[in-house]
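Quick notes on the structure that follows.
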Amino acid sequence: MSRTLARKDPSAFKTLPLFVEASPDGLSYQSLGRPLNFAQMLEKRRPIEVNDPDRFAVELANLGVSVRLTLSWQGREYWLLVRQRRLDRGDVVLKLISGYVPAHELNLPLLTAIQEVAEECLLETPEGWLAGRFGDTWLPTPYQGALRYREATHFRLSPLSGAARPIRCGNLTLMERPRAYVHQPTASLQLVYDLRLELPKEARQLSLFHVDERLEDGQLIARLERSRPDLYLIPLDQGRPTGELLTLKRGMLAPAATRGLWLAESFAPQDGWLVRDERIRWKDWLVQQNLAPTKKAAAGRR
């Protein structure tokens, strides 16, 4: 049974189209034109053509952020992925935690990124839900009215090493050095932050849940579906992903089925600054990473 956690008015969201200049040495973006509401932004997210993947100047519909979140748990590390039905693209994929950057955070997209972690990635223990901190900054607790957050303990977010090429908003260089790509099918610029999530020692019998907003009757509704946690783990081996997909419930890891599975475009090949695909099959991504499905993953499919 689902539980409604929050309701939002989608008309309150405003973003800005972008002008992006890219060269082999770096990429810069700045706002362009008048603010767009959600529907206007979606209307602009149409395929574009870029001839040179390393050097171009182009107008784009919006700025988005993703978080490649590395969970440190019981001496091992895992990437966190969430399941999403993308109504604008008519598909279901596993993707990084991600969201659209509002107009007022265009020059500080890291704020949007950590807000998305707080909204999309929920960590439950028998004593309550975990809030988080990024350095000295508390993450929002967007479902405070519906969920009981623990007061005495919390998780920590910290940045991992960033990408080699600098990204600038106007003349301001983004200090965390996110990876960037222009997604041609949606005419958008995406920034991918590498963050690490460390759990407190008191976090036992941990369960992970993904909460996503859906548009219903003119409102954005966030619901918790306990029967479908929709948050998955890819184990890492010395920082490299493995061919295994897992879920975590009450402290127990279990293999997840991968038959017919698709990953979002952030896992697809990148050519220069460009990503041309909408998505990539799990099995094709394994080949791209020189990986083979593990025996546990194969058992999960059976």
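Where a number appears in this text, it was derived from the coordinates with a stated rule and is not lab data. Computed from a prediction, not measured in an experiment: that's the story for all the values here. When we count neighbours, we look across all protein chains shown, and the Cβ atoms used for this are built from the backbone with ideal geometry, even at glycine.
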Computed ³J(HN,Hα) along segment 248-255: with the Karplus parameters 6.51/-1.76/1.60, θ = phi - 60°, integer Hz and x for glycine or proline, the list is 10, 9, 6, x, 10, 8, 9, x
GNM of the chain, Cα pairs under 10 angstrom: of A146, A118, A180, the biggest fluctuation goes to A146
The chain: most fluctuating residue of E116, E265, E127 per GNM, C-alpha cutoff 10 Å: E127
Any chance you could run the full-extension gain for R55 through N37? It's 0.36 nm times the residue separation minus the Cα-Cα distance, nm to one decimal. 3.5 nm
HN-Hα J couplings of segment 99-110 from phi, Karplus 6.51/-1.76/1.60, θ = phi - 60°, integer Hz, Gly and Pro as x? x, 8, 8, x, 4, 6, 10, 4, 8, 9, x, 4
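Once every DSSP H run of n ≥ 4 in the chain is given -39500 (n - 2.57) and the sum is divided by its residues, what mean residue ellipticity at 222 nm do you get, rounded to the nearest 500 deg cm²/dmol? Don't skip to the answer; put the middle values down first.
Values: 4 runs with 33 residues, N = 302.
-3000 deg cm²/dmol, from helical runs alone.
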How high is the FRET efficiency between R223 and D271 when r is their beta carbon distance and R₀ equals 51 Å, given to the nearest 0.05? 0.85
Rounded to one decimal in nm, the spacing of the 7 Å Cα→Cβ label points at R168 and T137 is 2.3
Sort segment 120-183 into rounded, prolate or oblate with this rule: let a ≥ b ≥ c be the square roots of the eigenvalues of the Cα gyration tensor; rounded if a/c is under 1.5, and if a/c is not under 1.5, prolate when a/b is larger than b/c, oblate otherwise. prolate
Please compare each pair in K44/K249; K8/K95; K8/K283; K8/K44 to a cut-off of 29 Å on the Cα-Cα distance and tell me which ones are over it. K44/K249; K8/K283
Packing-based exposure ordering (other Cβ within 10 Å, fewest first) of V50, V275, V287: V287, V50, V275
